[in-house]
Amino acid sequence: MYKIETRRVSVWYGPHKALDAVSLALERNQVLALIGPSGCGKSTFLRLLNRMNDFVEGFRLEGQVLIDGEDIYAPGVDPVHLRRRVGMVLPEANAVPFFHLRECSLRSAPAKSAQGVSHPRAGLSRPLGKRLYGTK
Ligand SMILES: Nc1ncnc2c1ncn2[C@@H]1O[C@H](COP(=O)(O)OP(=O)(O)O)[C@@H](O)[C@H]1O
Ligand SMILES: [Mg+2]
């Protein structure tokens, strides 16, 4: 069984096709470098692996992405659980692409605190919470 496998994966953002039938298979501990010009789909491919593209409006996928043999886009797969297993180290200090850090903290905080948020409930350090929310 491969650690990561994609089977004829195509991705669209609305009408725009960003990936065209990408198939590859990676063994555990294998290192892969994605090299190509800007806009060729490197980030789209990486974001597929922990379902970050789910946040993009108009995103559509065909094909299969398997991790440890499991289709991570199958119905019933919990993306939050998946992201605990499949991490991503980004070049910019942003916990989730497309979201401002404040939104990230709200989304990860308990539902109750998403109404009248206070930073300790969102699990932020005090200095960071103060900068985001302007509270002590
Ligand atoms: N959020 C998005 N909405 C619409 N189109 C996007 C989005 N992100 C990327 N694209 C388009 O998908 C293609 C692949 O982009 P991307 O994966 O960011 O390429 P790379 O990382 O190789 O520069 C590009 O044509 C880009 O314009
Ligand atoms: Mg990129």
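Values quoted throughout were computed directly from the atomic coordinates according to the rules given, and no laboratory measurement underlies them. Note that this is a predicted model, so its numbers are computed, not measured. A quick note on method: Cβ atoms are made from the backbone with ideal geometry, for glycine too, and the neighbour counts reach across all protein chains shown.
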Residue 10 long-range amide H proximity, modeled H, under 5 Å
21, 22, 62, 63
Take the Cα coordinates of segment 4-85, assign each an equal point scatterer, and use the Debye formula without solvent to give log10 I(q)/I(0) at q = 0.19 Å⁻¹.
-0.87
Among 24, 73, 35 - extreme Cα towards positive end, dipole of segment 4-85, charges at beta-carbon:
35
Ranked from highest to lowest mean number of other Cβ atoms within 10 Å per residue, what is the order of the peptides 47-55, 65-73, 18-26, 32-40?
47-55, 65-73, 18-26, 32-40
